[in-house]
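The values are calculated or read from the model by the stated rules, or taken from the named source; none is laboratory data. Being a predicted model, the structure only gives us computed values, none of them experimental. Please note: Cβ atoms are built from the backbone with ideal geometry, for glycine as well, and neighbour counts cover all protein chains shown.
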Amino acid sequence: MKKLSLIATSAMGLEAIVGKEVKDLGYDCQVENGKVMFEADELAICRSNLWLRTADRIKIKVGEFQAKTFDELFEKTKALNWGDYLPVNAEFPVIGKSVKSTLHSVPDCQAIVKKAVVEKIKSHYKTEGWLSETGPFYRIEVALLKDIATITIDASGAGLHKRGFRMDQGGAPIKETLAAALVLLTKWNPDRPFVDPFCGSGTIPLEAAMIGQNIAPGFNRDFASEAWDWIGKDKWDLARQEVEDKAKYDQPLDIQASDIDHRMVNIAKENAEEAGLSESIQFKQMQVKDFTTTKEFGVIVGNPPYGERLGEKREVEQLYREMGQAFSTLDTWSIYMLTSHEGFEELYGKPATKKRKLFNGFIKTDFYQYWSNVRPPRN
Ligand SMILES: C[S@@+](CC[C@H](N)C(=O)[O-])C[C@H]1O[C@@H](n2cnc3c(N)ncnc32)[C@H](O)[C@@H]1O
């Protein structure tokens, strides 16, 4: 069993949520800007890839050191224990970034690291000549920050927001990792109704359905590290068995997804079918101002249009007013809206209980939260 330094990378603003997910998986962790770090074994690579809903990727930290010259970068990279990770036939491209560092030419840093790893692999496996690089894929990254080089291997492959079912996207989809974070921030539980009145391609309700039935987000995809011998098929089998054992496919859900645009509703439906979750979500074409319900203690999460495009602003402002009206009698419901429009609260007609700054891609947004002050009765 190896002791590994693992990093779950995170979008800016989601670090604490990724950290909570890592802790819930049973690993003590340290939360920093853009990443959550934890020490664990090989099985943790499988489990974190399969289960983390809000992390971008899982990386293994091979080493971290100061590097102000190319010689230093070369020697210290070569000194790392590459033979513990890479087989002799590994395919290992090197990517890089450099921020506020003496070594600022990223292509040169990549080439130096590549050369150092090649030399180490050759001496470790006592081989001469070209390395074939026809084997399993290991993407190495050299990241320099203030002259400190962090050398990692990517254990995920495609980013973890790729859930493994084909998503037809429509206009302005939200990333799956952010959608999951929004749902987790509401503390919704599957005994309560859940509504996304701006469902678009269905990203938020699909994440809610997976959370509600405790379905691992990575259940249907593969990961770069699945091809690595030193982790082994038995660990992956164990982790996938845990995914099966913990899923609650019978958990009833009351999730409603609607959109004004019937084409988007169809796309959302198809995506839910693809994910095997179409039974768990009711879809309908509806504009938000027509929303009514007799249910209680529900949660509404929406990612409405922001009105950033020219000519859209007034329409969107009218939409926010209509939404405020439509939701004004929902005393037992909690309502959450993500938008970049700074006048949201005024247009909606009520100050939020809480606002949380989040990035939707590069767009600075706020997650406006209206908590109900009526508590559900205890059973
Ligand atoms: C930013 S997109 C939502 C994207 C969605 N979260 C996804 O991941 O695909 C906003 C959606 O709001 C819908 N919309 C605009 N005006 C609406 C209204 N008055 N009532 C309901 N939906 C509306 C649009 O059709 C669009 O699909």
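For the range 266-297, give me each residue that is within 9 Å of the ligand (Cβ to nearest atom), buried (at least 20 other Cβ atoms within 10 Å of the Cβ) and more than 22 Å from the chain's Cα centre (by Cα).
If the condition is that a residue be within 9 Å of the ligand (Cβ to nearest atom), buried (at least 20 other Cβ atoms within 10 Å of the Cβ) and more than 22 Å from the chain's Cα centre (by Cα), then VAL288 is the only one that fits.
One line per residue, one yes/no per condition, for (1) touching a residue at least 12 places away in the same chain (Cβ under 8 Å); (2) more than 16 Å from the ligand (Cβ to nearest atom); (3) under 26 Å from LYS2 (Cβ atoms):
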position	(1), (2), (3)
PHE74	yes, yes, yes
GLY83	yes, yes, yes
THR102	yes, yes, no
GLU119	yes, yes, yes
THR127	yes, yes, yes
LEU145	yes, yes, yes
ARG163	yes, no, no
ASP168	yes, no, no
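Consider VAL243 carefully, then state whether it is among the aliphatic types (A, V, I, L, M), assigned to a helix (DSSP H, G or I) and more than 16 Å from the ligand (Cβ to nearest atom).
The answer is yes for VAL243.
For every residue, the table says whether it meets (1) polar (S, T, N, Q); (2) under 17 Å from PRO304 (Cβ atoms); (3) not assigned by TED's automatic domain parsing to the domain that holds ALA180.
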| site | (1), (2), (3) |
| --- | --- |
| ALA326 | no, yes, no |
| SER334 | yes, yes, no |
| GLU345 | no, yes, no |
| ASN360 | yes, yes, no |
| ILE363 | no, yes, no |
| ARG378 | no, no, yes |
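Given TYR336, TYR306, which one is touching a residue at least 60 places away in the same chain (Cβ under 8 Å) and crowded, with 17+ Cβ neighbours inside 10 Å?
Answer to the check: TYR336.
State which residue is farthest from the ligand (Cβ to nearest atom) when the search covers only the range 196-208 and only residues that are in a helix (DSSP H, G or I) and touching a strand residue (DSSP E or B) at 6+ places or on another chain (Cβ under 6 Å).
Just the residues of the range 196-208 that are in a helix (DSSP H, G or I), to begin with: 203-208.
Of the ones still in play, those that are also touching a strand residue (DSSP E or B) at 6+ places or on another chain (Cβ under 6 Å) are 204-205, 208.
Numbers: ILE204: 5, PRO205: 9, ALA208: 12 Å.
By that ranking, first place goes to ALA208.
Tell me which of these TYR348 doesn't satisfy, since it passes every other one: (1) crowded, with 19+ Cβ neighbours inside 10 Å; (2) within 12 Å of the ligand (Cβ to nearest atom).
Just one mismatch for TYR348, condition (2).
Yes or no: GLU91 of a type in the set (D, E, K, R), in contact with a Phe, Trp or Tyr (Cβ under 6 Å, 6 or more places away or on another chain) and surrounded by fewer than 20 Cβ atoms within 10 Å (Cβ to Cβ)? It would help to see each step written out before you state the result.
On the way: of a type in the set (D, E, K, R): yes; in contact with a Phe, Trp or Tyr (Cβ under 6 Å, 6 or more places away or on another chain): yes; surrounded by fewer than 20 Cβ atoms within 10 Å (Cβ to Cβ): yes.
It is true that GLU91 is of a type in the set (D, E, K, R), in contact with a Phe, Trp or Tyr (Cβ under 6 Å, 6 or more places away or on another chain) and surrounded by fewer than 20 Cβ atoms within 10 Å (Cβ to Cβ).
Which of the residues that make up the range 1-36 are over 23 Å from VAL243 (Cα atoms), small (Gly, Ala, Ser) and without any contact (Cβ under 8 Å) to a residue 40 or more places away in the chain?
ALA16, GLY34
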